[in-house]
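Remarks on the structure that follows.
Here, each number is a calculation from the coordinates, and none is a lab measurement. Everything quoted here is computed from the prediction, not taken from an experiment. Here the Cβ positions follow ideal geometry from the backbone for every residue, glycine too, while neighbour counts run over all protein chains shown.
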Amino acid sequence: MGTEKVALVTAGGSGMGAEAACKLSADGYKVAVLSSSGKGEALAKELGGVGVTGSNQSNEDLKRLVDLAVSTWGRIDVLVNSAGHGPRAPILEITDEDWHRGMDTYLLNVIRPTRFVTPIMQKQKSGAIINISTAWAFEPSAMFPTSAVFRAGLAAYTKIFADTYAGENIRMNNVLPGWIDSLPATEERRDSVPMKRYGTSAEIAATVAFLASDGAAYITGQNIRVDGGLTRSL
């Protein structure tokens, strides 16, 4: 125990989270997966790992995942935070309750598990946290209001976390996917992308795996766009 690299993936039952779990497993990580559907637990077992059926909005479920990984392998090297889908509506029609649901889905989904894994990474003097965010975090779209608002907040949280823990060799970065093949495809959306195609969940997973790797050891506090050129920054 304590010699194998270990990755936790939340909301990993399908889509980009599941693809990230598969890629990290292929790269040699032991994986622990959380999902509310049970698919994450089943996937983890297929990959030779462990899983918990529960919610990333529950501190108790997240602690079960962390405790299971530590009791099984003795360490946590990587945390990947994926997310489900939050409320969508015209911006003035979003209720207080739905704004709170959006915060739970897109911001606290990162903050909660980060609280649990950071002390473990501090003891190891190493760790990488990768959050799957959105290309619209900095160029918000009315199509995804709660996602854009709270993932802009996630970018701020990530910078503060990175500043605080970089000296202890704990890194945090965000991956910003654009139109990905886990979403329904439309010609209008495809044509809006300079590369004229949807991205794939596998391409997002490859970016996650790079940020988890030693090759990214000098990268922290960043927002990495993986969107075919849809959004650009200086």
- Query: Could you give the angle, 0 to 90 degrees to the nearest 10, between helix 96-106's Cα long axis and the longest principal axis of the Cα atoms of the chain?
  - Reply: 50 degrees
- Pairwise label distance in nanometres, R197 with S71, each label 7 Å out on the Cα-Cβ vector: 4.5 nm
- Message: Helix 201-212 against the longest principal axis of the chain: what's the angle in degrees, Cα atoms only, rounded to the nearest 10?
- Response: 50 degrees
- Taking only Cα atoms, what is the 0 to 90° angle, nearest 10, from helix 145-165's long axis to the longest principal axis of the chain? 40 degrees
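Dipole of the chain, Cα-centred, from +1 at each Lys and Arg C-beta and -1 at each Asp and Glu C-beta, to the nearest 20 debye? Numbers along the way, then the final one.
Values: 23 positive and 24 negative charges, 100 e Å.
Roughly 480 debye for the chain.
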- Message: Past 30 Å, Cα to Cα: identify those pairs from K39/K125; K30/K159; K23/K159; K5/K196, in the order given.
- Response: K39/K125; K5/K196
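What FRET efficiency would be calculated for the residue pair S126, R101, taking the C-beta separation as r and a Förster radius of 45 Å, to the nearest 0.05? Intermediate results must be reported in sequence, preceding the final value.
Numbers: r = 34 Å, r/R0 = 0.76.
The value I calculate is 0.85.
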- Which residue, chosen from G40, T158, P140, occupies the Cα position most advanced towards the positive end of the dipole of the chain, where the dipole is computed from +1 (Lys, Arg) and -1 (Asp, Glu) charges on Cβ about the Cα centre? T158
- Query: How high is the relative contact order of segment 127-232, given as a whole-number percent (alpha carbon pairs under 8 Å, six or more residues apart)?
  - Reply: 36 percent
- Query: How much length is gained on full extension from D181 to E93, taking 0.36 nm per residue of separation minus their Cα-Cα distance?
  - Reply: 28.8 nm
- Item | Angstrom value of the Kirkwood radius, inverse mean 1/r, which spans all Cα pairs in the chain | 17.7 Å
- Message: For a quick check of your reading of the filter: which trypsin sites (Lys or Arg not before Pro) in segment 166-221 sit in a DSSP loop and have no more than 14 other Cβ atoms within 10 Å?
- Response: K196, R197
